[in-house]
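Take a look at the structure below.
The values are calculated or read from the model by the stated rules, or taken from the named source; none is laboratory data. None of the values given here were measured: they were computed from a predicted structure. Every residue, glycine as well, gets a Cβ built from its backbone with ideal geometry; the counts of neighbours run over all protein chains shown. These area figures cover heavy atoms from the full protein model, side chains too; ligands, DNA and RNA do not enter into them. Shrake-Rupley method; radii C 1.70, N 1.55, O 1.52, S 1.80 Å.
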Amino acid sequence: MWQKVAKFKGAEYSGLLQNFLWFWNERFWLPHNVTWADLADPAPGVEYPKAGHLLSALPLAVGIFAVRILFERFIASPCAFLLHIHAASVHWRATPNPVLEKVFTSITKCPDSRRLDGLSKQLDWDVRKIQRWFRHRRNQDKPSVLTKFCESMWRLIFYLFMFTYGICFLWKCPWMWDTHHCWYNYPYQVLTPGLYHYYVTELGFYWSLMFSQFTDIKRKDFPIMFIHHLATVSLISFSYANNMLRVGSLVMCVHDASDFLLEAAKLTNYAKYQRLCDFLFVLFAVVFFITRLVLYPLWILNTTLFESWEMIGPYPSWWLFNSLLLVLQVLHVIWSYLIAGIAYKALVRGKVGGM
């Protein structure tokens, strides 16, 4: 019996090993005539990226999330109080009612007329009283301006820090000025400490956003943002695994260029500096359009699709990498449409909404 169990376990482990080897098949990840063995033992003092390095981003993500909690409590909250932003108290709270609470949490937060009539008969309440209960209950769950302010201030500081670091680092890199350097001697490109720290910190931050997205303020673009974070984490991980770090660093820098301006516009909106908010949002929209609709396709996609094709040729993970980059471009177009509508209102009506 034990021999049968051992045989079954051996077959199971063999199957897992085969699946693992299939996933890391070098014919998928690497260009033709390149193997993992070629990258395993570089010259002394030289290091290439290894997929195992990405595991360090997970504890870093937990650390970033912990720093965020401390930052929001001890730095962002005092700044909000100085600007007279406080947690608004709910003046009207819904009367505890198990039946309505079950409907609110499990079925719908905005019942239609048919359900309202049914609840009215069940509870012997007036329909208007039930509508008022649901309105008060919805208001209880709305995040306060203080919560929004602290969240945006944290993101502003982190995005600004990463963009500044990225510009300072890339300014000295040859591939910043000539994207052909992204593919010279590929994939035998040395991993420098600066590039490693840039990559792992960005990956840790986006992992922390993936964790916190389900507890943060739910906005209208939640599904799009979830796809964006998933695509970003996948892009960073895939580009690290097959040593496309040079072009990957350009992608990260382009995306960080406008994000901190959006968070700055949100902060001024919460602090009721409307004119400054409108100016910052329009500035954000201009930078967003330039970086995501001009620089990204003409600079990034041009080198990943065409220059790399000429210099190293396509291979399976090349197609996957470029597919993810094109998914990001589709998201850029969708966001640009939404941002253009808000920017138009800011210019015509003099007020930015939807933040």
Angle check, please: helix 316-348 long axis (alpha carbons) against the longest principal axis of the chain (alpha carbons), in degrees 0 to 90, nearest 10.
30
If R0 is 25 Å, what FRET efficiency do you get for residue 184 and residue 164 from their C-beta distance, rounded to 0.05?
0.35
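Please report the net charge: other residues with Cβ closer than 13 Å to the Cβ of residue 285, K and R +1, D and E -1.
On the way: positive: 292, 345; negative: 259, 278.
Residues close to residue 285 contribute a combined charge of 0.
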GNM, the chain, Cα, under 10 Å: largest mean-square fluctuation among 296, 159, 184?
184
Out of 209, 295, 70, any idea which swings most in a Gaussian network model of the chain, alpha carbons joined below 10 Å?
70
Per-residue accessible area for residue 177 at 1.4 Å probe radius, Å² rounded to 10?
150
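Just the Kirkwood number for the chain, please: inverse of mean 1/r across all distinct Cα pairs, in Å, one decimal.
On the way: mean 1/r = 0.0419 Å⁻¹.
Over the chain, the inverse of the mean reciprocal pair distance is 23.9 Å.
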Sort 132, 68, 275 by heavy-atom solvent-accessible area, probe 1.4 angstrom, most to least.
275, 132, 68
Quick check on region 125-209: take the gyration tensor over C-alpha atoms, sort the square-rooted eigenvalues as a ≥ b ≥ c, and tell me if it's rounded (a/c under 1.5), prolate or oblate.
prolate
From the Cα gyration tensor of region 170-259, with a ≥ b ≥ c the square roots of its eigenvalues, which class applies: rounded if a/c is under 1.5, or else prolate if a/b is larger than b/c, or else oblate?
prolate
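Using the Cβ atoms and a cut-off under 14 Å, what net charge is assigned to the surroundings of residue 99, where Lys and Arg are +1 and Asp and Glu are -1? Intermediate values should be presented prior to the final figure.
Numbers: positive: 102, 115, 121, 129, 137; negative: 101, 124.
Residues close to residue 99 contribute a combined charge of +3.
What does the charge count around residue 60 come to, taking other residues whose C-beta lies under 14 Å from its C-beta (Lys +1, Arg +1, Asp -1, Glu -1)? Could you put the intermediate results ahead of the total?
Numbers: positive: 68; negative: 202.
So the surrounding residues net to 0.
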Region 40-45 - phi-based ³J(HN,Hα) in whole Hz, Karplus 6.51/-1.76/1.60, Gly and Pro as x:
6, 10, x, 5, x, x
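State, as an integer percentage, the relative contact order of region 196-298 based on alpha-carbon contacts under 8 Å between residues 6 or more apart. Provide the component values of the computation, followed by the final result.
Numbers: 55 pairs, mean separation 24.6, N = 103.
Computed over region 196-298, the figure is 24 percent.
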Against the 2.2 N^0.38 Å scaling, with N counting residues, where does region 53-146 land? I'd like the Cα-based Rg ratio to two decimal places.
1.65
Could you state the angle between the C-alpha long axis of helix 57-71 and the longest principal axis of the C-alpha atoms of the chain, as a value from 0 to 90 degrees rounded to the nearest 10?
30
Once the Cα atoms of helix 145-170 and of the chain are each reduced to a long axis, what angle between those two axes, in degrees from 0 to 90 to the nearest 10, is obtained?
20
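Ignoring ligands, DNA and RNA, how do 270, 344 rank by accessible area with a 1.4 Å probe, largest first?
I get 344, 270, largest accessible area first.
What number, rounded to the nearest 500 deg cm²/dmol, is the helix-based mean residue ellipticity at 222 nm of the chain, given -39500 (n - 2.57) per DSSP H run of at least four residues and division by all its residues? Mind dumping the intermediate values first?
Working: 16 runs with 237 residues, N = 355.
One gets -22000 deg cm²/dmol as the mean residue ellipticity at 222 nm.
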How much length, in nm to one decimal, is gained on full extension between residue 139 and residue 224, taken as 0.36 nm per residue of separation minus their Cα-Cα distance?
28.1 nm
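Hey, what's the Cα Rg ratio for region 130-179 versus the globular rule of thumb, 2.2 N^0.38 Å? Could you put the intermediate results ahead of the total?
Working: Rg = 21.4 Å, N = 50, 2.2 N^0.38 = 9.7 Å.
Rounded to two decimals, the normalised Rg is 2.20.
Answer rounded, prolate or oblate for region 228-285, using the Cα gyration tensor with square roots of eigenvalues a ≥ b ≥ c: rounded when a/c is under 1.5, else prolate when a/b is larger than b/c, else oblate.
Working: a/c = 5.15, a/b = 3.05, b/c = 1.69.
Note, shape of region 228-285 comes out prolate.
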Below 8 Å between Cα atoms, with a sequence gap of 6+, how large is the relative contact order for the chain in percent?
24
Mind checking the dipole of the chain: about its Cα centre, +1 per Lys or Arg Cβ, -1 per Asp or Glu Cβ, Debye to the nearest 20?
2020
